[in-house]
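Enquirer: Please see the structure below; I have some questions.
The values are calculated or read from the model by the stated rules, or taken from the named source; none is laboratory data. The structure displayed is predicted, hence computed values, not measured ones. Cβ atoms come from the backbone with ideal geometry, glycine included; neighbour counts cover every protein chain shown.
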There are 2 protein chains.
Amino acid sequence: MSQANCRDDESGVKLACLLSYDTLTGTGHCAALPRRAFDQISTNRVFPREFNVNQATATLPTIEDIRAAAKRIAPEVHRTPILTSRYFNERLGASLFFKCENFQRIGAFKIRGGLNAIRSLSDEEKSRGVVTHSSGNHAQAISLASAICGIKATIVMPTNAPQVKKNAVRDYGGEIVECEPNEAARVSTAQKIIDETGATLVHSYNDPRIIAGQGTSALELLDDLETPPDIVMTPVGGGGLLSGTSISVKSLSPRTMVVAGEPAAADDAKRSLEAGKIIPVENPNTIADGLKTSLGTLTFAAISQNVSQIITCTEQSIIDTMKLVWERMKIIVEPSSAVPLAALLEGNLDVRGKSVAIIFSGGNVDLNELPWQKPKQLLPASST
Amino acid sequence: MSQANCRDDESGVKLACLLSYDTLTGTGHCAALPRRAFDQISTNRVFPREFNVNQATATLPTIEDIRAAAKRIAPEVHRTPILTSRYFNERLGASLFFKCENFQRIGAFKIRGGLNAIRSLSDEEKSRGVVTHSSGNHAQAISLASAICGIKATIVMPTNAPQVKKNAVRDYGGEIVECEPNEAARVSTAQKIIDETGATLVHSYNDPRIIAGQGTSALELLDDLETPPDIVMTPVGGGGLLSGTSISVKSLSPRTMVVAGEPAAADDAKRSLEAGKIIPVENPNTIADGLKTSLGTLTFAAISQNVSQIITCTEQSIIDTMKLVWERMKIIVEPSSAVPLAALLEGNLDVRGKSVAIIFSGGNVDLNELPWQKPKQLLPASST
């Protein structure tokens, strides 16, 4: 068993230790770190708005569910490192910690939720396989997780999904069923497969097993940092990562604020949080293609309870920030990953003197077509 | 003081510990690692060829010089992490360890040698400043190292050097003096500055202080790995990194082979090693712009003694490998960094079942102009 090894020095690269998940059993703390209140569940849940979240809350995962998920997925999932950047610290006058899920298997955090969901199925359910509709990282996550568990995965993808994404799903062993490129066709095609085969639907975010899996990244984050940060940030699309993160963070460090970053061009989560009800997004036009979905009932409940604020950024700022991360940190992040940092660099939250941990959600980018090389008229409207 | 923390697990990301250099003092080993023969100097130096390297050898740095360099530069230089990649391990049937100098300050290993050279000057020398001629990473290294030490740096750069490189030098505080874009003009311009100001010339590789500084990366590498690898690889241009690495490796682990990767289009080091004398390169046309220089007397001597083999790769394979590293490891490496791995992927050295550590030398790339996006006719000739 390795000991935790964290230094908050001036290095451009702060590294989390590669603790085995064994250290999360038992008393649930790492020998080399000060013992923290791992079992303390947040009691400061707030229900400030009209929407009645009680029913959804009943099925939200708890910190125990997230810990169980961490054990369930540990053998196949990477404990991703935490990096720091002198440049961004100086730009913002803050101490930033980047949890690098772009280094995760399939290149994004989604394998955490996908594998947890599939490992949670009964043997009987497993024998009938799983189905999902996605053209993004979740499709790859379900394909790989199914391959790991030796079960069949059917992925419903729109006919116009990029060939590179179809290839990635097939490489991991998923079977693709194509449908017309609209939400109704996706849902009905998936339902048809379920009716015919008895396969289990694994939704990409509005599922407690998915949320619990996505929450394991923040569990590692808080375990690997010597001191819980003042703020933890993730991007928000459907809200799976944000929900899981918020449950982990508010359970382990109630004083830490959870803040999300969202493209201004797809700010449905921000508007939903402000209105106290889910306001679905309509045809959002953002380069952050992982963040185009609307919140679900579960994710809305978790976010309403735990998230302090959602801050937005322009399309141009997503592109500029993504490029800056590549140039300054020498790591590849996808547009969605850059959103929280972009919102900070726009000055939309005062973080001076604060410690801020940001989850870089993924790094899957088509290297032949980089956003800063596209003519501006081809970029989403708000980018100019 | 942190303890070493290395695991050779299936993770996509193997992380070196962030040991402070304090641990390299005294008995010179890390408490958490098995004690190794840190003080054993290689005795298997070979002088197999006609070239008399004895005189040059007399001024080559020793492992003690490299340890002293490590202490000298530690406060400002990053201890870079070691990453692994499941994908490349499977492709080659080997265990690969990538020492990421692309995460180093200025984005390349060159700051190690530059800072060591400048910190080694007398106060009197420092007061007269330093001069170098370079249009690459060494120019940035000398500029930053001089700024750190509060001394004046003059960088001789050809008039046709890219604006982005000039800007980087100026950002670090270096003063640029332009010259005609040829070797004679570079040398005479630098000499003129030396004559006028008494500044000290800091050559980019043929200088024992530079070689000692570059050797500190391999010192960390061997310190952070649980077991010394079977093979250590670097790219070779002028040979500063390879020389320093070879001295560290053969001193600390005589059984470890040191192998270099070189572009076939600029294979002067390979030909020099085979001929037993320095064969200068003439107008090499390679995308690996850090590897266009010829060996110097000192680097030739170190390489002749310590390096087992130099293997080459085509231009297309440099580009393909660089892109693969970006896609699979989600990190940014420059063409020169990709050369050793490219030569392995071409099958030019059988590494099956072996452990191979490769130093990724740097990550400075113009993100607006990626090599795989250029029309083939604009690439160096051997790439098609």
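Enquirer: Assuming A:Ala275 fulfils every condition listed in (1) under 15 Å from the mean Cα position of the chain (by Cα); (2) aliphatic (A, V, I, L, M); (3) surrounded by fewer than 22 Cβ atoms within 10 Å (Cβ to Cβ) apart from one, which condition is it?
Expert: Condition not satisfied by A:Ala275: (1).
Enquirer: Looking only at region B:146-163, count how many residues are surrounded by 24 or more Cβ atoms within 10 Å (Cβ to Cβ) and touching a residue at least 60 places away in the same chain (Cβ under 8 Å).
Expert: 0
Enquirer: Another question, then. Could you look through region A:235-264, keep only residues that are in a helix (DSSP H, G or I) and closer than 14 Å to A:Ile310 by Cβ, and pick out the one that is farthest from the chain's Cα centre (by Cα)?
Expert: Taking the candidates together, the pick is A:Ala264.
Enquirer: Could I ask something else about it? Could you list, in sequence order, the residues of region B:156-166 that are closer than 12 Å to B:Asp366 by Cβ and more than 21 Å from the chain's Cα centre (by Cα)?
Expert: Listed by number, the residues that qualify are B:Pro162, B:Gln163, B:Val164.
Here's the yes/no breakdown for (1) at pLDDT below 95; (2) away from chain A (no Cβ under 14 Å); (3) in contact with a Phe, Trp or Tyr (Cβ under 6 Å, 6 or more places away or on another chain); (4) over 21 Å from A:Glu327 (Cβ atoms):
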{"residue": "B:Gln309", "(1), (2), (3), (4)": "no, yes, no, yes"}
{"residue": "B:Thr314", "(1), (2), (3), (4)": "no, yes, no, yes"}
{"residue": "B:Ile319", "(1), (2), (3), (4)": "no, no, yes, no"}
{"residue": "B:Glu327", "(1), (2), (3), (4)": "no, no, no, no"}
{"residue": "B:Val356", "(1), (2), (3), (4)": "no, yes, no, yes"}
{"residue": "B:Val365", "(1), (2), (3), (4)": "yes, no, no, no"}
{"residue": "B:Asn368", "(1), (2), (3), (4)": "yes, no, no, no"}
{"residue": "B:Pro375", "(1), (2), (3), (4)": "yes, no, no, yes"}
{"residue": "B:Ser383", "(1), (2), (3), (4)": "yes, yes, no, yes"}
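Enquirer: Out of (1) over 27 Å from B:Glu282 (Cα atoms); (2) in contact with an Asp or Glu (Cβ under 8 Å, 6 or more places away or on another chain); (3) crowded, with 23+ Cβ neighbours inside 10 Å, the odd one out for B:Thr216 is which?
Expert: (2)
Enquirer: Hey, another quick one. Can you find even one residue in region A:275-292 that is assigned to a helix (DSSP H, G or I) and over 23 Å from A:Val365 (Cβ atoms)?
Expert: Yes, there is a match, as at least one residue in region A:275-292 is assigned to a helix (DSSP H, G or I) and over 23 Å from A:Val365 (Cβ atoms).
Enquirer: Same structure, new question: Out of the residues in region B:329-354 that are over 20 Å from the mean Cα position of the chain (by Cα) and among the aliphatic types (A, V, I, L, M), state the one that is farthest from the other protein chains (Cβ to nearest Cβ).
Expert: B:Leu349
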